[in-house]
């Protein structure tokens, strides 16, 4: 078992505290010393510059899948030169009628060193990556990999 800690901080500052005008900007501080500016999604009156929780959720799924994919490829001695993903999350009512990120589609583009493995091998690695990804195993969101 491992524990993962993030400090999230917000303060009202000079803003009033009415729903349509309070400041949604905040910070995420990670144990490695990195501070990430956060805010609500602009649809929910947030600042468009910082990362919003919905984007972070999609990024966490994409990052976990990628890192798991790279680990499996390395164990199979398949060398990856680059991996880029354009991950898309969809917010919609879930089975209980509450808004949730109900689907995330990954669109990985992989550059291999040397000959590219066949499509079946790549699909198997993606399948194993999904099964072994800690974040994917922690959520009920439907996750698909588009080719």
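The values are calculated or read from the model by the stated rules, or taken from the named source; none is laboratory data. All figures in this text were calculated on a predicted structure; none of them were measured in a lab. Cβ coordinates were reconstructed from backbone atoms using ideal geometry, including for glycine residues, and neighbour counts include every protein chain displayed.
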Can residue 115 be described as more than 30 Å from residue 41 (Cβ to Cβ) and out of contact with any helix residue (DSSP H, G or I) (no Cβ under 9 Å at 6 or more places or on another chain)?
yes
Could you pull out the residue among 101, 110 that is surrounded by 17 or more Cβ atoms within 10 Å (Cβ to Cβ), outside the structural domain of residue 18 (by TED's automatic domain parsing), modelled with pLDDT of 95 or more and more than 30 Å from residue 22 (Cα to Cα)?
110
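With the structure loaded, tell me whether residue 77 is over 19 Å from the mean Cα position of the chain (by Cα), surrounded by fewer than 14 Cβ atoms within 10 Å (Cβ to Cβ) and at pLDDT 95 or above or whether it fails that test. Walk me through it before giving the result.
Values: over 19 Å from the mean Cα position of the chain (by Cα): yes; surrounded by fewer than 14 Cβ atoms within 10 Å (Cβ to Cβ): yes; at pLDDT 95 or above: yes.
It is true that residue 77 is over 19 Å from the mean Cα position of the chain (by Cα), surrounded by fewer than 14 Cβ atoms within 10 Å (Cβ to Cβ) and at pLDDT 95 or above.
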Counted residues, the range 102-144 - those being touching a strand residue (DSSP E or B) at 6+ places or on another chain (Cβ under 7 Å), closer than 18 Å to residue 54 by Cα and not in a loop (DSSP other than H, G, I, E, B)
9
